[in-house]
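Reviewing the structure listed below.
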Amino acid sequence: RRLEADTSLLDHGPAGVAYVICDEVVDTYGAVTHEVEVDIIELERAVFRPGGPDVTEDIYSLKREVLEFRTAQDPLVPVLQDIVRGRVPEFGADTREYFRDVLDHLLRVDGQVDAHNELLNSVLTAHLALMGKQQNEDMRKISSWAAIIAVPTALAGIYGMNFEHMPELKWKIGYPLVIVAMVSACVFVYRRLRKNRWL
């Protein structure tokens with residue numbers, strides 16, 4: 001349709017047709033890079049959303065698409081460079097400027113693909129770092145609760161040894177005193193951990 005709308009391109013023969021095909025392909029590449037950029041932005045938002053889902057697989061999937069896209073567009077670069085430098089005799093000087101414009105667009109796309117690949121690496125690194133941070137916070141909470149539970153366990157272990165000569169066994173307030181000591185110690189440990197932001 002484009003060739004029919006601009007018949008002057010047909011005056012250049014096969015070179016004109018090749019130019020239009022290359023230009024359309026590279027324009028499509030530009031649209032694809034824009035769509036990939038939109039996907040990367042969405043992934044970034046998902047990574048930094050509090051309590052967001054695990055998007056590791058999505059990142060790898062998009063990274064694979066970017067690499068596949070690179071293998072599709074990379075071979076066109078040396079071909080266009082050869083045409084622009086006059087190494088293909090079938091393409092005359094009158095069409096080289098057209099191809100130079102296409103090559104410029106393709107090199108811009110190539111740069112964007114590199115940038116997207118690097119950005120995906122950064123997103124993956126940030127995602128893994130945030131996951132590690134969350135796991136550390138979870139481990140601190142588990143350790144904190146284990147420390148709180150260890151206090152009454154230790155006291156109960158001491159008083160559960162059934163030795164005959166334990167002075168507290170004859171006290172009337174011995175049992176309530178131990179319970180109060182357990183609760184007080186647990187509250188103390190809990191407050192200390194809370195103050196240090198472990199809970």
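Values in this text are rule-based calculations from the coordinates and carry no lab data. None of the values given here were measured: they were computed from a predicted structure. Note that each Cβ is placed from the backbone with ideal geometry, even for glycine, and that neighbours are counted across all protein chains shown.
A few remarks follow.
- Dipole magnitude of the chain about its Cα centre (Cβ charges: Lys, Arg +1; Asp, Glu -1), debye to nearest 20: 2460 debye
- Highest-MSF residue in the chain out of T71, T125, T153 [GNM, Cα springs under 10 Å]: T153
- Were the residues from S122 through E37 laid out at 0.36 nm apart, the gain over their Cα-Cα distance would be 29.2 nm.
- Mean-square fluctuations from a GNM of the chain, with a 10 angstrom spring cutoff on Cα atoms, peak among R87, R45, R100 at R87.
- For the chain, a Gaussian network of Cα nodes joined below 10 Å ranks P176, P78, P89 by mean-square fluctuation, and the top entry is P176.
- Taking GluC sites (Glu not before Pro) in DSSP loop conformation with at most 14 other Cβ atoms inside 10 Å as exposed sites, the chain has its longest uninterrupted site-free stretch at 1-89.
- Alpha-carbon Debye profile of the chain, log10 I(q)/I(0) at 0.10, 0.12 Å⁻¹: -0.67, -0.80
- Based on C-alpha pairs under 8 angstrom that are at least 6 apart in sequence, the chain has a relative contact order of 22 percent.
- Lysine pairs meeting the criterion (Cα under 27 Å, 8 or more apart or interchain), as found in the chain: 4
- Convex hull volume per residue in cubic angstrom - Cα atoms of segment 1-95: 112 Å³
- Grouping the Cα pair distances of segment 72-180 into 10 Å bins from zero gives a pair-distance distribution of 11, 19, 12, 10, 9, 8, 7, 7, 7, 6, 3, 0 percent in increasing distance order.
- A protection proxy built from the mean count of other Cβ atoms within 10 Å ranks the segments 110-116, 130-136, most packed first, as 110-116, 130-136.
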